[in-house]
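Below: the structure, in structure tokens.
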Amino acid sequence: MIIEKRKGIIKACFIFIGVICWLVGPALAKDVFRGRMLTERAPIEPPAVEILIEVDSWTTPDEVMQFSEVMAGSGVDAFLNLFKNTKKGVVRFLYARGYNLTIHMAQFQQEEDGKKKIVLVFRREPWSQGTQLGTGRYYFMVMELKLNEKGKGEGRFYEDAQIQFDVTKGRVFLETYGISPKMIPMIQEVKKK
């Protein structure tokens, strides 16, 4: 009788854990995008590389406010420390010489026409082995993606970018750039399973 009670309790615990995993699982899932980026490095490098973007979490308006306050109150060094310690996901360049770039800010913005705009901000660093970034004026790299209602679209990758904050809307946006962007002619949201 005691053994039967224990089996019942163990079975109830497994069912409870299964239900919790089923409810919490989608909240923990990543937002994933696949695309193809033109490298502008042919014939030395492949003319295009596959990219995989995995966003673990999105930058909130409160975080934008915090970034802005740190920049205004404590200066550039404190801002850059906060920026480097904030991790929102990763962009993977899927070829033999490609690196992974840590996403430090990620924002999903719904446009008025129903389209989606995604802004990803990285620390300025090489994204491919054996190549060096040219001299740049800015600290950041930005990837902007524009998607339609079906999650398909295009984007641009700015390797030398300046960002700006709109604290009233809680947004980060590309202010200017120093080097022509790499084109991402094809990007698609991967549906969660």
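In the stretch 60-76, the residues that are over 18 Å from F108 (Cβ atoms) reach residues that are of a type outside the set (K, R) and part of a helix (DSSP H, G or I) with C-beta atoms within less than 7 angstrom, at least six apart or across chains, in these pairs: V70/A78; V70/F79; V70/L82; M71/F79. Residue selection: Q109 satisfies the criterion of being farther than 23 Å from D77 by Cβ, modelled with pLDDT under 95 and within 19 Å of the chain's Cα centre (by Cα). Across the stretch 81-97, the number of residues qualifying as in contact with a strand residue (DSSP E or B) (Cβ under 8 Å, 6 or more places away or on another chain), hydrophobic (A, V, I, L, M, F, W, C) and not in a loop (DSSP other than H, G, I, E, B) comes to 4. A count restricted to the stretch 113-123 and to residues that are buried (at least 17 other Cβ atoms within 10 Å of the Cβ) and either at pLDDT below 90 or among the β-branched types (V, I, T) (or both) stands at 3.
Total residues in the stretch 53-80 satisfying the condition of being farther than 19 Å from R34 by Cβ, in contact with a strand residue (DSSP E or B) (Cβ under 8 Å, 6 or more places away or on another chain), in a loop (DSSP other than H, G, I, E, B) and not β-branched (V, I, T): the figure is 1.
Give the residues of the stretch 111-126 that are part of a strand (DSSP E or B) and free of Cβ contacts under 8 Å to residues at least 40 places away in the same chain, sorted by residue number. I'd like the intermediate steps shown before the answer.
Let us first name the residues in the stretch 111-126 that are part of a strand (DSSP E or B), namely 116-123.
Residues satisfying the conditions are K116, K117, F122.
For the stretch 34-52, the tally of residues that are under 27 Å from G153 (Cα atoms) and in a loop (DSSP other than H, G, I, E, B) stands at 8.
The lone criterion from (1) at pLDDT below 90; (2) surrounded by 17 or more Cβ atoms within 10 Å (Cβ to Cβ); (3) under 16 Å from the mean Cα position of the chain (by Cα) left unmet by Y99 is number (2).
Only one of the numbered conditions (1) surrounded by fewer than 16 Cβ atoms within 10 Å (Cβ to Cβ); (2) among the hydrophobic types (A, V, I, L, M, F, W, C); (3) free of Cβ contacts under 8 Å to residues at least 24 places away in the same chain; (4) in contact with a Leu (Cβ under 8 Å, 6 or more places away or on another chain) is violated by A48, and that is (1).
The values are calculated or read from the model by the stated rules, or taken from the named source; none is laboratory data. What you are looking at is a predicted structure, and each value in this text was computed from that prediction instead of being measured. In this analysis, Cβ positions are derived from the backbone assuming ideal geometry, glycine residues included, and neighbour counts consider all displayed protein chains.
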